[in-house]
Amino acid sequence: MFNFAKWSIHFISSEYRPLDFRTYYLAGEAYQAGMNPWDEKASEQIWQSYDSCTTGEWKTGIGIPHAAVVYSPQFIWFFKPFNAFEFTSSKWLQFGLNIIFLFGICYLISKLNPLLKLHQIAIALAAFRGTWFALDNGQPIIAVSFIILLALYCSREKEKPLLSGLLLGIIGFKFTLLIPIVIWLLLNRRYKTIVMIILTGLSLNLPIIIFHKAYLYTWIDNMDRMWMYINSGETNGLSIINCNAIANIVKVDVSVLKPLSSVIYLSSFAYIFIKLKLKKIAYHEALFLLALTEICFGQHLMYDLLLLISIFAITDFKQNIWITWPLILALTFPIGSLAEKINFPELNYVLPFALLAYWIYVQSTLPPSKYKEIKNPS
């Protein structure tokens, strides 16, 4: 109720400035104009031509760090429908669609886990501060989470592997979120779905890769610059909600952090695979653990936890343990606002620490699955 009231007041009293949506809308406009969509100068040039949109804070903020284009080439097609309208109409169209997608997420979770009631799910999503952060930023994570849940529904409940693969392939521009899903599909031997994901991804990415190869160097450069910024050792608006940036506190050198992070990341997936093969966990538990590992050790921001919460709900992963409560408080309490009020940004590290502690506890104490005797895990 507090978060709902707080953010409702924010939306009513403030101009709606969805930074992430603007970033990819302008990139799409740049591509249509024959310019490099990953080049911040191209986006800046287009933005400056919008007289009605260059007032106040909107005059700045294009490019690294907070408005850099880092998605893979197929994002062009995902955002292309919005480029059919002028910016102001498009941003409100996306806002309305995100509200619809949130209701869709609630509905799909209730279908995938009938033990949960719609109002319980809606309250949980409204309590998560990342939901509102995503809405305010115009983040595609809401649409992506809805599409992933819809794909899982098509795969698990309707036995439509090709449709599931098509849906997952469409949102491949946020490929890090697809990693745990693809691994889970692989473990479940859902090869048709995986093949469809690959074919869809290739068909959406290859045209840009083939005809605009030079653009890709800018994309890679953007990702490298973003990595350096997040792991610069400074407390900034991106590092404070990323688990890798915990290393900033202990002052791990960036050159050491990247390979170290990769080793931990891959070892974690291998550990889950071994536990699954030894029948220590069930397939539905593996899905949640894979998603938790990806969010914990991959390169993500707070609103990406929306997908983790959704997967937690549909897998019925019951862990009535004390370590859950610090994580729940970190997910719901307005830590960011408090940190800003008292001018102590390091307070935001509570979330990655709570997430890491939860991952360690769950991995080390997960009991043998009650469902290991089921021959067909799907």
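The values are calculated or read from the model by the stated rules, or taken from the named source; none is laboratory data. Everything quoted here is computed from the prediction, not taken from an experiment. So basically every Cβ, Gly included, is an ideal-geometry build from the backbone, and we count neighbours across all protein chains shown.
What's the total number of residues in region 320-345 that are more than 22 Å from Lys6 (Cβ to Cβ) and loosely packed, with under 15 Cβ neighbours inside 10 Å? It would help to see each step written out before you state the result.
Taking region 320-345 first, the residues more than 22 Å from Lys6 (Cβ to Cβ) are 320-324.
The next check asks that each one be loosely packed, with under 15 Cβ neighbours inside 10 Å; those that pass are 320-322, 324.
Of the residues in that region, 4 qualify.
For region 285-299, check the following and say yes or no: at least one residue is among the small types (Gly, Ala, Ser), within 17 Å of Ala127 (Cα to Cα) and touching a residue at least 60 places away in the same chain (Cβ under 8 Å).
No; the residues of region 285-299 include none that is among the small types (Gly, Ala, Ser), within 17 Å of Ala127 (Cα to Cα) and touching a residue at least 60 places away in the same chain (Cβ under 8 Å).
Hey, among the residues in region 132-156 that are without any contact (Cβ under 8 Å) to a residue 60 or more places away in the chain and aromatic (Phe, Trp, Tyr), which one's surrounded by the most Cβ atoms within 10 Å (Cβ to Cβ)?
Keep residues of region 132-156 that are without any contact (Cβ under 8 Å) to a residue 60 or more places away in the chain, which gives 143, 146-147, 150-151, 153-155.
With aromatic (Phe, Trp, Tyr) added as a condition, the list becomes 146, 153.
Details: Phe146: 26, Tyr153: 19.
Step by step, filter region 132-156, then rank; the result is Phe146.
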Meets criteria (free of Cβ contacts under 8 Å to residues at least 40 places away in the same chain and either under 23 Å from the mean Cα position of the chain (by Cα) or surrounded by 16 or more Cβ atoms within 10 Å (Cβ to Cβ) (or both)) for Ala42: yes
Positions within region 10-37 being under 13 Å from Tyr71 (Cα atoms) and either under 20 Å from the mean Cα position of the chain (by Cα) or surrounded by fewer than 19 Cβ atoms within 10 Å (Cβ to Cβ) (or both), in sequence order: Asp20, Phe21, Thr23, Tyr24, Tyr25, Ala27
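Can you tell me which of Leu168, Leu206, Leu199 is modelled with pLDDT of 90 or more and loosely packed, with under 14 Cβ neighbours inside 10 Å?
On inspection, the qualifying residue turns out to be Leu206.
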Region 132-170, residues that are of a type outside the set (D, E, K, R) and on the phi > 0 side of the Ramachandran plot: Gly138
Looking only at region 111-131, and only at residues there that are surrounded by fewer than 21 Cβ atoms within 10 Å (Cβ to Cβ) and over 14 Å from Phe312 (Cβ atoms), the one that is nearest to the chain's Cα centre (by Cα): Ala126
Selection count, region 17-27, where residues are within 18 Å of Ile220 (Cα to Cα) and in contact with a Phe, Trp or Tyr (Cβ under 9 Å, 6 or more places away or on another chain): 2
Residue match in region 34-45 (condition: modelled with pLDDT under 90, polar (S, T, N, Q) and over 15 Å from Ala134 (Cβ atoms)): yes
